[in-house]
Every structure is written in structure tokens, then in C-alpha cells.
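The values are calculated or read from the model by the stated rules, or taken from the named source; none is laboratory data. Keep in mind it's a predicted model, so treat the numbers as computed, not measured. Reconstructed Cβ throughout: ideal geometry from the backbone, glycine too, with neighbour counts over all protein chains shown. Heads up: the accessible areas ignore ligands, DNA and RNA and are worked out on the full protein's heavy atoms, side chains in. Shrake-Rupley method; radii C 1.70, N 1.55, O 1.52, S 1.80 Å.
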Amino acid sequence: MSSDADRSSGPSKPENAPPDSHINHAASIKYWNGVAANSKTMLGMLGDYPWYTRIDLRGSKTFLAKVRRMVPGCTTEGKLKAAVDCGAGVGRVTEGFLSHVCEVVDAVEPVEKFIQVMRESKLKLEGVVGDIYVMGIEDWVPEKKYDLIWTQFCVGHLTDVQLIEYFRRCRNALTETGILVVKENLSTDLFGKDMYDEEDSSVTRTDDKFRAIFKEVGLTVILSELQLGFPKNFKLLPVRFYALRPKS
């Protein structure tokens, strides 16, 4: 989280400025650099909810299995050849899910200490983790085609304009049967607006905003579901999957 001095050093925003205009990438990186990089407990990635990962990964596996059956020509048996984990962190999703359904998983992550955990992992030594790109997804330009681009809990650090360009690059980086999956928290704002979080300088978008952006960049939602199984008493933000394919 940035200090008051950091926030006051730039021009002030009008009260009606869109939430994404407050995003500060330097403040985001500073926040995540203050989070523990622990590949064993994953506590840094999950805050106070270490049980979250079991429910999260199980939901992702089930969702992807459904999507693969919906894409003509996509194999439903065995592993997909090439995937990329965008906003990979320490590799929680790669280790617990993507490595079980994909032969090789590249990673995109801007925080060096998180990437170091992946570099030293057994999966990297075994060649399951492929190329690692130390950068934010807003700067990542795919160099190859992917059967699966998995983007989870990271697009909130991009402005709307950056997100549009990111999705365009992803669309062009899919194989003929490739799938882009976006898994993100959704805004619960009473007025149906995106929500800005000053703590990590991120925006939580509405379902309507996501769908409008997908349409603008030429992506079709072939399946969308809410992640189920989280205890209601924790009052967590809703999490939604979007499986996307280029418009034909």
C-alpha cells in the first residue's frame, strides 16, 4: 500500500473519476512485495483463509472440464499442450491445478520474489513450468500460441484501457481450439459500479463491465459460472468464471 506522500505526489482525482483511474502500479507492486512468498502454506496469497485454495482449485478443475467439452475439436482426454498462468504469484494455481491438466505451463508475474519460488520449484526442474515472464500482464506480449490462458485474481490491477488491450493480445494468442479463462471477484457495490481498493490499488469490476469489455474486444463468453463452496459466514466477494473464445 502506498503512503500518503506517494498518493499526494500526483494530480488529485475529481470525486466522480472512474475507479480504474486511481490504479497505481507502483503502489500495487509495493503492496505485493510486502506479502510473504511461501510455496508451502500459500498464506501470503490467501490472506487469512488457507482453506480457500482447496475449494478454489476444485472449482477451477470442474469448470475447465465443462468448457473443454463445449469447444469443437478440443480434446477432452489427457492434458492440454500449452498453457500460461497470468498473474501467477508463487505458482499456487499452477502447482495445484494447471500442472495436472496441461503439459507445460508458462508464467507471467511482476513480483520477483514470487517468481523465484517458481524458479526453484520441482515443477520447473521437471520442465512442467516453462517460460517465466517477470512483468505485469499489462506489459506481456505473448510470443507463442496457447491452448489455455488462465487469468485469475490479477486484472484488477489494470485500468480499463489496459485490460482491453490485454484481452486483445490474449485473443490473438489462442490456438485454433484455445480457451481464455478469467476468474475474478465481482463488485457488490449497491449502485452497480466498480469498486476501488486503496489497500492494494486495485479495482473490482461488475459482471456487466466484464461482459462489455469482452464484447468490445471480440471475445464470446461460452460459459460463465459462480465459484461455489465458500462458507457464507465469511461474506467473501462473489467469484465468477468466464470461459472465452474469439468470435467466429
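When only the Cβ of Lys, Arg, Asp and Glu is charged (+1, +1, -1, -1), the dipole of the chain relative to its Cα centre reaches about 1000 debye. In this simple spin-label approximation, ARG211 and ARG58 carry label points 7 Å from Cα along the Cα→Cβ vector, and these lie 2.9 nm apart.
Net length available on complete extension from THR220 to VAL134 is 28.1 nm, with 0.36 nm assigned per residue and the Cα-Cα distance removed.
A full extension of the chain between HIS25 and LEU125 corresponds to an added length of 32.9 nm, given 0.36 nm per residue minus the alpha carbon distance.
Over region 70-144, with every protein chain in place, what whole percent of the accessible area is carbon and sulfur at 1.4 Å, could you tell me? Heavy-atom surface of region 70-144 belonging to carbon and sulfur, 1.4 Å probe: 52 percent. The HN-Hα couplings worked out from phi for region 234-248 by the Karplus form 6.51 cos²θ - 1.76 cosθ + 1.60 (θ = phi - 60°) are 7, 6, 6, 5, x, 10, 10, 8, 10, 9, 10, 9, x, 5, 7 Hz, whole numbers, x standing for Gly and Pro. The Cα center of region 44-120 and the Cα center of region 141-165 differ in position by 14 Å. Relative contact order for the chain: 19 percent, from Cα pairs under 8 Å spaced at least 6 residues apart, divided by residue count.
Here's how it looks for ILE137: its modeled amide H is under 5 Å from none belonging to a residue 5 or more places away or on a different chain.
Kindly report the accessible area of the chain per residue (heavy atoms of protein chains, probe 1.4 Å, no ligands, DNA or RNA), in Å². Write out the running numbers ahead of the final one.
Working: 12440 Å² over 248 residues.
Per residue, the chain has an accessible area of 50 Å².
Multiply the residue gap between LYS113 and GLU198 by 0.36 nm, knock off their C-alpha separation, and tell me the result in nm, one decimal place.
Numbers: separation 85, 0.36 × 85 = 30.60 nm, distance 2.27 nm.
The span from LYS113 to GLU198 would gain 28.3 nm if fully extended.
Taking the alpha-carbon distance from LYS215 and a cut-off under 27 Å, which lysines remain once sequence neighbours fewer than 8 residues away in the same chain are dropped? List returned: LYS61, LYS66, LYS144, LYS145, LYS183, LYS193, LYS247. Nearest 0.05, what FRET efficiency do THR188 and GLU143 give at R0 = 45 Å with Cβ-Cβ as r? Rounded to the nearest 0.05, the efficiency is 0.75.
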